[in-house]
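Read the figures in this text as sums done on the coordinates, not as results from a lab. Treat the numbers as computed from the prediction; the structure is a model and nothing was measured. Quick reminder, even Gly has a Cβ in these numbers, built from the backbone with ideal geometry, and neighbours come from all protein chains shown.
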Amino acid sequence: MKKYLSKDKILSPPKTTLTAFFHLCQNDTFARTLLYSEVLRYYTWNTSKKEWHRRIQGTPVENQPGVKASDALGRVYTVHVTNLECFCLRMLLHHVRGPTSFTERKIVNGQECQTYREACEARRLLENDNHWETMKEAVQCRSPDKIRELYATLLSSCGLSNPRTLWDKYKEYMADDILHQLQQVHTDMTFNQHIYNETLIIIENKVFTIVGKILDDFGMQSPRRDNKDNFNNEIARELDYDFIALQHQAAELVPQLLPEQIHVFHQVLRKIDSGNGGLFFLDAPGGTGKTFLLNSLLMSVRKDKKIAVAVVSSGIAVTLLNGGRTAHSVLKLPLNLAQEDSPICNFSNNSSRGKMLLECKFLVRDESTMSHKKAIEALNRTLEDLRDSIDIMGGMVVLLAGDFRQTLPVIQRGTPADEIQACIKSSNLWLRVEKLSLKTNMRVHLHNDVDSGLYAEMLLKIGDGCLEVDAEGCVSLYEENLVENDMDLTHCSCFSGIATKFEL
């Protein structure tokens, strides 16, 4: 995926506040006495030139001609411990003064370390793991599977400084049930590397489920996997369904679809079956049965043992789609999408995630109207590269769903024009999108509720900008949708029977 990075950026990476601090330390003797977090007290950042300059105003520093101090505080971005190398680099910047380069940070007592973690260990910046007495307690009363689960949790979330030592100390307890099973056939079997390797495979699977990383990412050697065990965790997760149950559920749900839902359903399935791929957008206002339709599509694809991935923009909406996850967790989208020229998803083609998306037949992106257009463009670039295809989305069928009448992308300190510019309708991919729509309000259709129909109609008119707006930007609501400003009436309406149980 490096083909999306310009040659100039590869040969001459853009300056950052950190690389500019390295350059400052090479040329300024006073700067070499500072930590990275202290530089802002004595220097100001010139955004246009990407350089640090000494402060002109402030309190003169004793014995340092031309240096003035202020009360400004510098803040270094936090890094989660699972991103171990960046975490250790940040730690070095907080403890070692006057760095001149990334490589120089790895040199300790004249010896260059291979990693920032090794440099932290050599400088004794990492505490030992003696305080994790919970492992000692667990081996006294927990099963091997629970001990493995605890170790995977510590490894994934607690920043073990030396996980290998903890493994060596308790590996027999974690492998005890595997040994016991083998001893049923081979009574003289004892602990060996094969048993430990099987144990590490189980632990790595647990770690991958928690944070999507392998043991090698935590400074431990990943276990060997032979052909029969070399399964893909991501593929296994997406195929972990009861296919018989899915067939029954699909047979029950599909006949309940309305004619306009059936039209969308068959149009998407035909595209999936053709193998040609495509990009759809489903315009579905609230109450039109979008979630019901999307789940029916997902079931219909998965029941045939095909991979269908469901992603959404927010964690709350995840609960509505079967097997749904957030888009950032699945697609590894960059956090600074808006600032990147040509963003791509942060996983390699040979990773478990890459191989899973290579096998994927159908991807649903719900609440896509809330996402930045660069998120869709990043997915398109990634899939084209991953699947080695110039077809849109690399030949995969992708269904975007949402409602432009609701929340658009949130742009920090942005104007309404900025939000419109960031939405997917402003993307160069929009001209290649096949538009679908749902219009029938299911709540009105199923219950024949006239009042709900009027309310749904009013919401659509507000969203479409059809209601008259006064000078203050307000609209007039239908009288049928207004309620009397009476708290007693509200209590009785919301909580049936409350008047007979409590004195209002």
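Please go through segment 183-209 and pick out each residue that is surrounded by 12 or more Cβ atoms within 10 Å (Cβ to Cβ) and of a type in the set (S, T, N, Q).
Within segment 183-209, Q183, N197, T199, N205, T209 qualify.
Search segment 83-108 for residues being in contact with a Cys (Cβ under 7 Å, 6 or more places away or on another chain) and either among the acidic types (D, E) or crowded, with 17+ Cβ neighbours inside 10 Å (or both), and hand back the single one that is nearest to T19 (Cα to Cα).
P99
Out of the residues in segment 145-161 that are of a type in the set (G, A, S) and part of a helix (DSSP H, G or I), which is surrounded by the fewest Cβ atoms within 10 Å (Cβ to Cβ)?
S157
If N350 passes every condition in (1) buried (at least 19 other Cβ atoms within 10 Å of the Cβ); (2) under 20 Å from A308 (Cα atoms) but one, which one does it miss?
(1)
Can you tell me how many residues within segment 171-209 are of a type in the set (S, T, N, Q), closer than 15 Å to R224 by Cα and free of Cβ contacts under 8 Å to residues at least 24 places away in the same chain?
Count: 2.
Restricting attention to segment 393-435, which residues are surrounded by 20 or more Cβ atoms within 10 Å (Cβ to Cβ) and not in a loop (DSSP other than H, G, I, E, B)?
Selection gives M393, G394, V397, V398, L399, L400, A401, G402, A422, I424.
Which count do you get for residues in segment 369-392 that are more than 18 Å from S313 (Cβ to Cβ) and either crowded, with 22+ Cβ neighbours inside 10 Å or not charged (D, E, K, R) (or both)?
5
Do you know which of the residues in segment 301-329 that are touching a residue at least 40 places away in the same chain (Cβ under 8 Å) and β-branched (V, I, T) is nearest to C360 (Cα to Cα)?
Within segment 301-329, the match that is nearest to C360 (Cα to Cα) is I307.
Mind listing just one residue for me: the one in segment 304-328 that is in a helix (DSSP H, G or I) and in contact with a strand residue (DSSP E or B) (Cβ under 8 Å, 6 or more places away or on another chain) and, of those, surrounded by the most Cβ atoms within 10 Å (Cβ to Cβ)?
A327
Could you list, in sequence order, the residues of segment 19-60 that are among the polar types (S, T, N, Q), over 17 Å from D71 (Cβ atoms), more than 36 Å from the chain's Cα centre (by Cα) and outside any loop (DSSP other than H, G, I, E, B)?
Selection gives Q26, N27, T33.
Are any residues in segment 329-383 acidic (D, E) and either in a loop (DSSP other than H, G, I, E, B) or over 26 Å from K213 (Cβ atoms) (or both), and if so, which ones?
Answer for segment 329-383, where residues must be acidic (D, E) and either in a loop (DSSP other than H, G, I, E, B) or over 26 Å from K213 (Cβ atoms) (or both): E340, D341, D366, E367, E377.
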